[in-house]
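To keep things clear, I will list the structure first and then write my remarks on it.
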Amino acid sequence: MDHTQIMGVINITPDSFYDGGRIQTPEAARTHAERLRQEGADWLDIGGESSRPGADPIGVDEELRRVVPVLEALSGVGLPLSIDTYRAETARRALALGATMVNDISALRSDPDMPGVVAESGCWCVLMHMQGTPRNMQEAPKYGDVVSDICAFFEERMEAVSRAGVREERIWLDPGFCFGKTVEHNLEMLRRLPEFKKFGRPVLIGTSNKSTIGKVLDVPVEDRLEGTAATVAIAVFQGADGLRVHDVKAMKRVARMSEAIRDGRG
C-alpha cells in the first residue's frame, strides 16, 4: 500500500458509544458518506449493531432493517464499502448490494456460515481479536502476554478460515483495541504493533475516541480528538496499514504527517 488506508465509520445505531443516533436515515447516511469521501476516506465501514462494552445483541432482521437501505443509498458513492457484522445473512446481503469487505469482530467465529460466505464471494475480510463478547468483554480481561496471545489467535484463525476457502491474500488483521483489554493492554498493543506484521497481512487499528483515551486523559467521549490523534500517529509510525476513524479529515492529516516523518519524505 502506498499510504495508510483511512476507513470512515458510518454507524446506523441508536446506541454506539460515540455516534449512536446521529445517522437515522439513508439520506443522512449518504450525506455523511459524501462528506467522508471529500475528507479523504479510502473506505466506508457500515455498521448496524453497537459493539460498545455492555451492548446487547440485536436480531438479524433488525440489523438488516438498519443497514440494507443505507447500503442501497450508498450505491455509486465512489468508495469501497465494508460491512461491520458477524452474521452471515447480513454479510451476504451487503455483498450483493456492493460491499467488498466483511469486518467481523468475531473473526468469522460467531456464525458458522460466515467463512463460506466470505470464501464464495472472494471479498476482503477483517479478522478482529476480541476476548469475550461486547456484553462481557471488559469485565476482567486477562492475558499471559497480550501481544503473544493475540498473535496465537491470529495464527489459529488464519489457518481455520483458509481451510474454509478464504484466500489469505484477502485477510486483514485487527488486534481489537478496547475489545476485551485493559488500558495497559491497549497501550502495550500500540507499542508492540510491529509484532502483528509478521503474518504479512495488513493491520487495521481502531482507536478512535475509545475509552482508553478517556481514561488516560480523563476526558469525556466528545473530547478525545487529540488523544485519538496521538494513537493514530503512533499506529502509523509503527506500521499500521489501515485506520478505522470517525474524524476522517483530521486523522488523515495526522496519518500523512506521521508517514512523512516515518518514511523521510515530504
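What follows is calculated from the coordinates using simple rules that are stated; it is not laboratory data. Everything numeric here is computed off the predicted structure, so don't read it as measured data. A quick note on method: Cβ atoms are made from the backbone with ideal geometry, for glycine too, and the neighbour counts reach across all protein chains shown.
A compact table of results
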| read-out | value |
| --- | --- |
| Burial order of peptide ranges 222-235, 69-82 (average beta-carbon count within 10 Å, highest first) | 222-235, 69-82 |
| Full-extension gain in nm, residue 169 to residue 72, via 0.36 nm per residue minus C-alpha separation | 32.1 nm |
| By average C-beta atoms within 10 angstrom, highest first, the peptides 161-173, 2-14 | 2-14, 161-173 |
| At q = 0.15 Å⁻¹, base-10 log of I(q)/I(0) for segment 5-263 (Debye sum, equal scatterers on each alpha carbon) | -1.10 |
| Rough spin-label spacing in nm, given labels placed 7 Å along Cα→Cβ, for residue 215 and residue 230 | 1.5 nm |
| Computed over segment 90-149: relative contact order in percent, which uses C-alpha pairs under 8 Å that are six or more apart | 32 percent |
| Cross-link table 210/252; 142/210; 181/215; 198/252, entries beyond 21 Å C-alpha to C-alpha | 198/252 |
| Helical segments meeting 15 Å axial Cα length and Kyte-Doolittle 1.6 threshold in the chain (DSSP H) | 225-237 |
| Distant-in-sequence amide H partners of residue 206 (H built 1.01 Å from N, under 5 Å) | 176, 177, 244 |
| Segment 171-266: relative contact order in percent, alpha carbon pairs under 8 Å with at least 6 residues between | 29 percent |
| The chain: relative contact order as a whole-number percent, Cα under 8 Å and 6+ apart | 19 percent |
